[in-house]
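Below is one structure, written out as structure tokens; comments come after it.
Values quoted throughout were computed directly from the atomic coordinates according to the rules given, and no laboratory measurement underlies them. This is a predicted model, so every value here is computed, not measured. Because the Cβ atoms are built from the backbone with ideal geometry, glycine has one as well, and the counts that use them run over all protein chains shown.
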There are 2 protein chains.
Amino acid sequence: MTVSKPAEKSAEKASEATKGRKEAPEGQSQGLAEALQLGELSEQLGYVLKRAQLKVFENFLRCMASLQLTPAQFSVLLLVEKNPGRNQTEIASTLGILRPNFVALLDNLESRDLCARIRSTNDRRSHILVLTDKGKAVLTRAKKLVATKHESRLNELLGQANREALLGMLSKIANEF
Amino acid sequence: MTVSKPAEKSAEKASEATKGRKEAPEGQSQGLAEALQLGELSEQLGYVLKRAQLKVFENFLRCMASLQLTPAQFSVLLLVEKNPGRNQTEIASTLGILRPNFVALLDNLESRDLCARIRSTNDRRSHILVLTDKGKAVLTRAKKLVATKHESRLNELLGQANREALLGMLSKIANEF
DNA sequence: TATTGTTATACTCTATAACTATA
DNA sequence: TATAGTTATAGAGTATAACAATA
């Protein structure tokens, strides 16, 4: 929790208010209020992490608008491509998605003909997941969009070395915290 | 999306499977499966960011279990303490919380006597937020728990210099991405 | 008996519209 | 008329239990 998508309008309003005058006589509130002090909040790992994550997801969605792929859907396509022959349970659990919640996600991808469930001949309980030709083509385009529009912004913002350092630290946190 | 709380059991199961043998003859699946290849996923900023954020929030909740404070509640207490005399709209929008969703959050804190709404005398529409004495005391304890149990783990994991670099990069992303 | 995929369901978080009381 | 707080509500995301088919 702590942080939600900065609520477009509120954010705008807030920043308008923020840029107002500097010293409203504080007696009777008349004009625009002053900006609030974040204080220790800006040093809280969780707070900053969450706000950064929301920004990154928003940007991802904008970059992928033409392909209509969410981060979750993109991660599934990537993982299925890299691991052909795996079933739903394996793909879902690797992504930290619970099997029941994975069903609707897959239904969506399958209805768009991006991937397919294939009944396994070895174990007729399980569904092997594969990308369709269309799924492969879309994934290829998605990767290009992500690389050129999304991840590239990180390099602009932080520089190549810092970008790698950031990913390394985040991975360490994800795996060892 | 992409990543949910690694679903305790699934995660355990997955890691068991992961540590299995190394080369299951791949013909008829017999024993434990091999670990999946994350591939490009581990280089995706959003994916790593989300997983790190979930881990950090989980750890935060464990550290604050004795005080029963969520990251969102903690952030509200911090912000109200740092900005006395502000109303609900100002506190909520600064945190990226929509006003309607802030009501229940505040109801909770107020019912626990951690903060209070005070009708403003200047503008009788607005509620000034203040910490109660109990709220101040709890916040003080919360800060200590966060510092000694939560944020300190970051220093152990990354070192002081890297921790600061990480926060700096995340802030930059949150503000400029 | 155990597992795979699935359904049903519930709870949290986020988002929008509209009401009320003030201004 | 506009704004602050609120209510109602809807939609994602996440979580658990239980069922049918299969092992």
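Any idea what the residue B:100 label distances to the other copies are, label 7 Å down the Cα→Cβ vector, nm, shortest first?
2.7
Hey, for residue A:124 with labels 7 Å out along Cα-Cβ, what do the inter-copy distances come to in nm, ordered shortest first?
7.6
Find, among the residues of chain B, the one whose Cβ sits nearest the axis of the rotation taking B to A; state the distance in whole Å.
Whole-Å result, nearest residue of chain B to the axis: B:53, 2.
Residues of segment A:140-176 with amide nitrogen under 17 Å from the 7 Å Cα-to-Cβ point of residue A:66?
Under 17 Å, as judged by backbone N against the label point of residue A:66, lie A:140-153 of segment A:140-176.
How large are Rg and Dmax for segment B:64-176 when calculated on the C-alpha trace, in angstrom?
Just the Cα atoms of segment B:64-176 yield Rg and Dmax of 16.0, 49 Å.
Scan segment B:30-125 for trypsin sites (Lys or Arg not before Pro) in coil per DSSP, keeping those whose Cβ has at most 11 other Cβ atoms within 10 Å, and list them by number.
Working: sites: B:50, B:51, B:55, B:62, B:82, B:86, B:112, B:117, B:119, B:124, B:125; in loops: B:86, B:112, B:124, B:125.
Taking segment B:30-125 and a limit of 11 other Cβ atoms within 10 Å, the loop trypsin sites (Lys or Arg not before Pro) found are B:124, B:125.
Apply the a/c threshold of 1.5 to the C-alpha gyration tensor of segment A:122-177 and tell me whether it is rounded, prolate or oblate. Before the final figure, lay out each step's value.
Numbers: a/c = 5.91, a/b = 1.53, b/c = 3.86.
It comes out oblate by the Cα gyration axes.
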